[in-house]
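The values are calculated or read from the model by the stated rules, or taken from the named source; none is laboratory data. Computed from a predicted structure; not experimentally measured. Virtual Cβ from ideal backbone geometry, glycine too; neighbours counted across all protein chains shown.
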Amino acid sequence: MSRVTLVSFDIDGTLEVGEPPGIVSIALVREAKRLGYVVGSCSDRPVSFQQNLWERLRIAVDFTVLKHRLLDVRAQFAATAYYHIGDTEVDAFYANAAGFSFLRADAETRRLWPSELFVPPTDGHRA
C-alpha cells in the first residue's frame, strides 16, 4: 500500500499569487504534485475562482473547495497525512475541525513545518 500525503493550500495571504501575497511559492505547489501528493486549495474564494487560478497556473489540482468544506476533502481522499497551509485563525479552526495538521504560512513558523514535507521519501514510497 502506498503512502499518500494530502496538502491543502489557502490562497490569499498564503500563496505568492494571493491577495495579499503569501510565502508559499507556486514552485512549492508544483513540487508537491511532482512528489505525488494529493494537492488542492481550500479558500474563502469561490470554487470557480480557485479552478481558474489553477488553470492559469497550469497545475492540475485534485480538489478546490470552500474553507468550511475541508472535512469533505478528508472524506474524499484516503491519506496517511493531511495538512492545511494557511495564514489565519479561521484556517487553523477549519483545519483542526477536519483533523488536518495546520501549518501557518509565515516566514517565522515556516521553519517549524515537518521536515519530511516536500522532500522525497527514502523508503521507495511516494509521500
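Would it be correct to say that residue 40 is of a type outside the set (A, V, I, L, M, F, W, C), in contact (Cβ under 8 Å) with a residue 12 or more places away in the chain, closer than 21 Å to residue 92 by Cβ and touching a helix residue (DSSP H, G or I) at 6+ places or on another chain (Cβ under 8 Å)? Lay out the reasoning, then the answer.
Details: of a type outside the set (A, V, I, L, M, F, W, C): yes; in contact (Cβ under 8 Å) with a residue 12 or more places away in the chain: yes; closer than 21 Å to residue 92 by Cβ: yes; touching a helix residue (DSSP H, G or I) at 6+ places or on another chain (Cβ under 8 Å): yes.
Here the answer is yes, as residue 40 does meet what is asked.
Since residue 116 meets every condition but one in (1) in a loop (DSSP other than H, G, I, E, B); (2) surrounded by 15 or more Cβ atoms within 10 Å (Cβ to Cβ); (3) without any contact (Cβ under 8 Å) to a residue 60 or more places away in the chain; (4) in contact with a Ser or Thr (Cβ under 9 Å, 6 or more places away or on another chain), which condition does it not meet?
Tallying (1) in a loop (DSSP other than H, G, I, E, B); (2) surrounded by 15 or more Cβ atoms within 10 Å (Cβ to Cβ); (3) without any contact (Cβ under 8 Å) to a residue 60 or more places away in the chain; (4) in contact with a Ser or Thr (Cβ under 9 Å, 6 or more places away or on another chain), residue 116 fails exactly one: (2).
Residue-by-condition table, conditions (1) assigned to a strand (DSSP E or B); (2) under 19 Å from residue 113 (Cα atoms):
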| position | (1), (2) |
| --- | --- |
| 33 | no, yes |
| 48 | no, no |
| 53 | no, no |
| 60 | no, no |
| 64 | yes, no |
| 68 | no, no |
| 72 | no, no |
| 79 | no, yes |
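Can you tell which of 28, 57, 35 is surrounded by 13 or more Cβ atoms within 10 Å (Cβ to Cβ) and at pLDDT 95 or above?
On the way: 28 fails: at pLDDT 95 or above; 35 fails: at pLDDT 95 or above.
Testing whether each residue is surrounded by 13 or more Cβ atoms within 10 Å (Cβ to Cβ) and at pLDDT 95 or above leaves just 57.
Here is a check on your reading of the model: is residue 48 on the phi < 0 side of the Ramachandran plot, at pLDDT 95 or above and under 10 Å from the mean Cα position of the chain (by Cα)? Talk me through it step by step, then tell me what you get.
On the way: on the phi < 0 side of the Ramachandran plot: yes; at pLDDT 95 or above: yes; under 10 Å from the mean Cα position of the chain (by Cα): no.
Spelling it out, it is not the case that residue 48 is on the phi < 0 side of the Ramachandran plot, at pLDDT 95 or above and under 10 Å from the mean Cα position of the chain (by Cα).
Can you name the number of the only condition in (1) more than 19 Å from residue 20 (Cβ to Cβ); (2) in contact (Cβ under 8 Å) with a residue 60 or more places away in the chain; (3) polar (S, T, N, Q); (4) surrounded by 14 or more Cβ atoms within 10 Å (Cβ to Cβ) that residue 88 fails?
Only one criterion is unmet by residue 88, namely (1).
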